[in-house]
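Student: Have a look at this one before I ask anything.
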Amino acid sequence: MYELTELLQLIDVPYDGPSITVSALNTLSDAHSYELSFLQNKKYIDQLRSTTAGAVFVTEDMKENVPSHTIAIVVEDPYMALAYASKLFAPALLDESAPEAVVGEGSVIAEGANLAKGSVVGKNCTIMPGAYIGRGASVGDNSIIHSNVSLYHECVVGSDCIIHANSVIGSDGFGFATSKQGEHTKLYQNGNVVIEDDVELGAGVTIDRAVFGSTRIKKGVRMDNLIHIGHNCEIGEYSVLVAQSGVAGSTKLGRNVVVGGQSAFAGHLEVAPFTNFAARSGITKSITESGKTFGGFPLMEQKQWLKLQVKIARLLKS
Amino acid sequence: MYELTELLQLIDVPYDGPSITVSALNTLSDAHSYELSFLQNKKYIDQLRSTTAGAVFVTEDMKENVPSHTIAIVVEDPYMALAYASKLFAPALLDESAPEAVVGEGSVIAEGANLAKGSVVGKNCTIMPGAYIGRGASVGDNSIIHSNVSLYHECVVGSDCIIHANSVIGSDGFGFATSKQGEHTKLYQNGNVVIEDDVELGAGVTIDRAVFGSTRIKKGVRMDNLIHIGHNCEIGEYSVLVAQSGVAGSTKLGRNVVVGGQSAFAGHLEVAPFTNFAARSGITKSITESGKTFGGFPLMEQKQWLKLQVKIARLLKS
Amino acid sequence: MYELTELLQLIDVPYDGPSITVSALNTLSDAHSYELSFLQNKKYIDQLRSTTAGAVFVTEDMKENVPSHTIAIVVEDPYMALAYASKLFAPALLDESAPEAVVGEGSVIAEGANLAKGSVVGKNCTIMPGAYIGRGASVGDNSIIHSNVSLYHECVVGSDCIIHANSVIGSDGFGFATSKQGEHTKLYQNGNVVIEDDVELGAGVTIDRAVFGSTRIKKGVRMDNLIHIGHNCEIGEYSVLVAQSGVAGSTKLGRNVVVGGQSAFAGHLEVAPFTNFAARSGITKSITESGKTFGGFPLMEQKQWLKLQVKIARLLKS
């Protein structure tokens, strides 16, 4: 928690306006009166006008759109200012003053498993050798965390889950601000990952923690091996992802979506429940109607894609 | 091992017929008289008619095709019944009553390596820090298991092998039965992985254990990094797979098959020996003739694919 | 270090010419007078003619192109001879006689982290549980090595770096000589990986060590999750690679190259600075002009690819 004036001093932003106590960073649409937000892309100007944030980084020309209950902090590059500020709110990886890990009745913590101080494991779990449960992370009841899994700090795995070997839950999302000179400044990812109950993740899966809030894998999801899930994604109940697929940041899949192997989703999409994707689908637009089957890249209905391939093959004879 | 009547009680299947002792689950074509099998897809009806299984889960309408030496257990959803039963046969991850790991002469077990009770390491091996050798798993002579490799229980690595860091051998294959409500029930993967002699696997490779029997990586195979091999696959002698390729379940490659990077195989295919695939090949049909080179998705002979790309590019001028 | 005559005896190459002391293997263009090289592919004959290597493996018909200051060792298969010789120069994985790991002031080595003898960690670093720092490997100041990362022997991570969980730095590049019978002999990868300052790598990334010299990730690079970088690659300053991309061996990207997700580069390419690639680009040729944006496979300018997709879609109506 920082006084706004102190925070701005720490990141070298000149400021002599009023102060508030800032407890976190957040998006324009989710920020509370004790949070600091930003507007980088003018297409979100409506979110600026209706924000309930305590303060916002904005460029000079956007200043007039900041609501009266919100403090405007004028900077040249709001996203860069956010990146600098994000470091101040980064949660600690380790905390030697935290209590010893709490382990529920009936759980087996194999020799060689690493439970950080301040971690919690429920009842009847098995934590295999080399698995790491971070500070403030928790595992529900009856879950199995296989060898060499990395569960980062403050991330949550539900009950009745199986996380296969060498998967990573809670690594930093891919975020940075880039200067005009092409240099990158890290946007610290201060959210977490929440994996709900009855989820099974294959081996070598990587799920990034949210920049704010949570990346969420909902109840009953099944993932195969080597899948990438970006920050702030939401994977709907009972959805199934086949090996080597990737979902870019902030994309939300509805329930029972089935994703064929090596498919990829662009960021910031919404996919209707019960949608099916053939292997290697490349999804760059939201899908609003449920129950259809798509394929190809660019994406089209799978039966269209099959027809199109026949037409394309005919070119060989032309 | 279970009495059939006991087993069916445990999974809530009503039954009042004769009993046998069931020692495992298996496919219709491989099951012995002491094994339980199932028919889900009617296209395998011939396998049902000729099965030597002791008992089978079948739907009412398939009952008459069960041979007289096999007990028919009528259920609504045979695959779901199998999934429930599979949990009963799941091998233990750990066994505190097993003997201490056996390590052959001349082997170096680095500090921080984790050898489960009941594991075996041959002569002149090196097991690096963070590597995990599971219960009942074994490593042959002169092999190197790099740091943070996970070798699951009951899996086998041969002699003269090199397994690079953070690879996973023996994670569960991707199998589950889905109810009409869209909920998934795990099909426990009770087989293993066998890696024969003189195999080198890159970093971050994941090889799933078989549902029944073995996933098999044959002698002399070379795999690059981040490759996915599904359950029950067989990769032929001296085959070469380049980075980020994936092979779906039950597909069998002959010897000296060469697979370009980011290629993908659908499941249940057979590929003739000495077949070559260009990078990003998408293979959805079996290949019966040896020695050809393919590419593209849909797959075609590579020289056709190259020609086709020229034709496609001409469309830009149309 | 070996006397040439001794080395050739060890790998069963008949030879009765003069000897030199050989301290390493190297390419024709980089080899010094105390190094042994090879010519396999006749298209590099000019490199043979101008080499400063002390000795070279060549076929009989190339012998006359060997400069007078270089010893010609005539063999049937120079690459196979090199592979056999490479084993003799393979650096040790572990060295019990090396000094204890050196750790700089202010660094936190979490319980369960594995620092090999002969490793070095700078100041104010955090090394998380299960991370492995190999013999002769080093980490600069202020860097974070997350849980279950594998940093192989003799590899270098700079200052102000973040390596996310389960990434692998320094696994062997994918190299082997194949006999006429289709059997593979490993080409030991005796180089290393150098990661310069201010680099962040995502989770599950794999970066292979060089066969000779270094694979190099330059200052300020950002990589997302599950990316593969082959041996001897060079990734230019501030370049950005999105998830599940792959770069094959010896390819060099200039500075501030941006690579969309699931893209792939063939080997031995050079890419001009400030080039952008859309997701799933497939790059098989070098790019010499800076500042353009490409996409597709085969690769073309992204705006062309977008136009082409419109033309292709029209085929459906033909």
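Student: Once fully extended, how much extra length lies between A:TYR34 and A:ALA90, figured as 0.36 nm per residue of separation less the alpha-carbon to alpha-carbon distance? Mind dumping the intermediate values first?
Tutor: Numbers: separation 56, 0.36 × 56 = 20.16 nm, distance 1.68 nm.
Additional length available on full extension: 18.5 nm.
Student: Separate question: Sort shortest first the distances from A:ASP61 to its counterpart in every other copy, using label points 7 Å along the Cα-to-beta-carbon line, and give them in nm.
Tutor: 6.7, 6.7
Student: Distances from B:PRO14 to the same residue in each other copy, label points 7 Å out along Cα→Cβ, in nm, shortest first?
Tutor: With the label placed 7 Å along Cα→Cβ, B:PRO14 yields 8.4, 8.4 nm.
Student: Okay, moving on. Once every Cα of the range B:45-152 carries one equal point scatterer and solvent is ignored, give the base-10 log of I(q)/I(0) from the Debye formula at q = 0.10, 0.21, 0.23 Å⁻¹, two decimals.
Tutor: -0.52, -0.97, -1.13
Student: Taking amide H atoms as placed 1.01 Å from N in the peptide plane, list the residues 5 or more away in sequence, or in a different chain, whose amide H sits under 5 Å from that of C:VAL121.
Tutor: For C:VAL121, whose amide H was placed from the backbone, the distant partners under 5 Å are C:VAL102, C:VAL103, C:GLY104, C:VAL139.
Student: Next up: Roughly how many whole Å is it from the C-alpha centroid of the range A:113-162 to that of the range B:137-196?
Tutor: 20
Student: Could you give, in nm with one decimal, how far B:ASP30 is from each other copy of that position, shortest first, with labels 7 Å out from Cα toward Cβ?
Tutor: 4.6, 4.6
Student: While we're looking at this one, here's another question. Assuming a ≥ b ≥ c are the square roots of the Cα gyration tensor eigenvalues, decide whether the range A:151-222 counts as rounded (a/c under 1.5), prolate (otherwise, with a/b larger than b/c) or oblate.
Tutor: On the way: a/c = 3.27, a/b = 2.30, b/c = 1.42.
Prolate shape, in that a/c is at least 1.5 and a/b is the bigger ratio.
Student: Tell me, what is the percent relative contact order of chain C, built from C-alpha pairs under 8 Å that lie six or more residues apart? Mind dumping the intermediate values first?
Tutor: Numbers: 950 pairs, mean separation 23.6, N = 318.
Computed value for chain C: 7 percent relative contact order.
Student: Related question: What does the charge count around A:ALA53 come to, taking other residues whose C-beta lies under 11 Å from its C-beta (Lys +1, Arg +1, Asp -1, Glu -1)? Spell out each step's value before the answer.
Tutor: Numbers: positive: none; negative: A:ASP30, A:GLU35.
Net of charged neighbours comes to -2.
Student: Does the range B:218-307 classify as rounded, prolate or oblate by the C-alpha gyration tensor (a ≥ b ≥ c root eigenvalues; a/c under 1.5 gives rounded; else a/b over b/c gives prolate, otherwise oblate)? All intermediate terms of the calculation are to be shown ahead of the outcome.
Tutor: Working: a/c = 1.43, a/b = 1.34, b/c = 1.06.
Rounded shape, in that the Cα axes give a/c under 1.5.
Student: Scan around B:ARG216 for amide H atoms under 5 Å from its own, H built in the peptide plane at 1.01 Å from N, and keep only partners 5 or more places away or cross-chain.
Tutor: B:VAL194, B:CYS233, B:GLU234, B:ILE235
Student: Within the set of other residues whose C-beta is less than 14 Å from the C-beta of B:GLY170, count the net charge using Lys and Arg as +1 and Asp and Glu as -1. Spell out each step's value before the answer.
Tutor: Values: positive: B:ARG135, B:ARG209, B:ARG216; negative: B:GLU154, B:ASP172, B:ASP208.
My count for the surroundings of B:GLY170 gives 0.
Student: Would you calculate, for the protein assembly as shown, the mean residue ellipticity at 222 nm contributed by helices, counting each DSSP H stretch of 4 or more residues as -39,500 (n - 2.57) and dividing by all residues, to the nearest 500? Don't skip to the end; give the middle numbers.
Tutor: Values: 12 runs with 108 residues, N = 954.
Value at 222 nm, helices only, nearest 500: -3000 deg cm²/dmol.
Student: Can I ask one more? Given R₀ = 30 Å, what would the calculated FRET efficiency be for B:VAL310 paired with C:SER290, taking r from the Cβ atoms and rounding to 0.05? Kindly include the intermediate steps, with their values, before the conclusion.
Tutor: Details: r = 28 Å, r/R0 = 0.92.
Rounded to the nearest 0.05, the efficiency is 0.65.
Student: Which length gain, in nm to one decimal place, applies between C:GLU270 and C:ASP61 when the Cα-Cα distance is subtracted from 0.36 nm times their residue separation? Intermediate values should be presented prior to the final figure.
Tutor: On the way: separation 209, 0.36 × 209 = 75.24 nm, distance 3.15 nm.
Extending this stretch completely gives an extra 72.1 nm.
Student: Counting only other residues whose beta carbon sits under 13 Å from that of A:GLY213, what net charge do I get with K and R as +1, D and E as -1? Before the final figure, lay out each step's value.
Tutor: Details: positive: A:ARG209, A:ARG216, A:LYS252; negative: A:ASP30, A:GLU35, A:GLU154, A:ASP208, A:GLU234.
Once all neighbours under 13 Å are counted, the net charge is -2.
Student: Please state the shape class of chain A: rounded when a/c is under 1.5, otherwise prolate if a/b exceeds b/c and oblate if not, all from the C-alpha gyration tensor.
Tutor: On the way: a/c = 2.29, a/b = 1.14, b/c = 2.01.
Because a/c hits 1.5 or more and a/b fails to exceed b/c, chain A counts as oblate.
Student: If you plug each phi of the range C:114-131 into the Karplus form 6.51 cos²θ - 1.76 cosθ + 1.60 with θ = phi - 60°, what whole-Hz ³J(HN,Hα) values come out, in order, with x for Gly and Pro?
Tutor: 10, 9, 5, 4, x, 9, 9, 10, x, 8, 6, 8, 10, 10, 7, x, x, 5
Student: Express in nm, to one decimal, how much length is gained between B:GLU6 and B:LYS180 on full extension, taking 0.36 nm for each residue of separation and deducting their alpha carbon distance.
Tutor: Numbers: separation 174, 0.36 × 174 = 62.64 nm, distance 2.68 nm.
60.0 nm is the gain from fully extending B:GLU6 to B:LYS180.
Student: Assuming R0 = 56 Å, what is the FRET efficiency of C:VAL102 and A:TYR44, from their Cβ-Cβ distance, to the nearest 0.05? Intermediate results must be reported in sequence, preceding the final value.
Tutor: Working: r = 49 Å, r/R0 = 0.88.
E(calc), rounded to 0.05, equals 0.70.
Student: Explain nothing, just compute: Karplus ³J(HN,Hα) = 6.51 cos²θ - 1.76 cosθ + 1.60, θ = phi - 60°, for every residue of the range B:81-87 in order, whole Hz, x for Gly and Pro.
Tutor: Using θ = phi - 60°, the values come out as 4, 4, 4, 4, 5, 4, 5 Hz.
Student: Return the sequence-ordered ³J(HN,Hα) values of the range C:298-306 in whole Hz as given by the Karplus equation 6.51 cos²θ - 1.76 cosθ + 1.60 applied to θ = phi - 60°, using x for Gly and Pro.
Tutor: Per residue, the Karplus-derived 3J(HN,Hα) values read x, 6, 8, 4, 4, 5, 5, 4, 5 Hz.
All of the numbers you see were taken from the coordinates with simple rules; none came from a lab. Everything numeric in this text was worked out from a predicted model, so none of it was measured. Note that we place each Cβ from the backbone using ideal geometry, even for glycine, and neighbour counts take in every protein chain shown.
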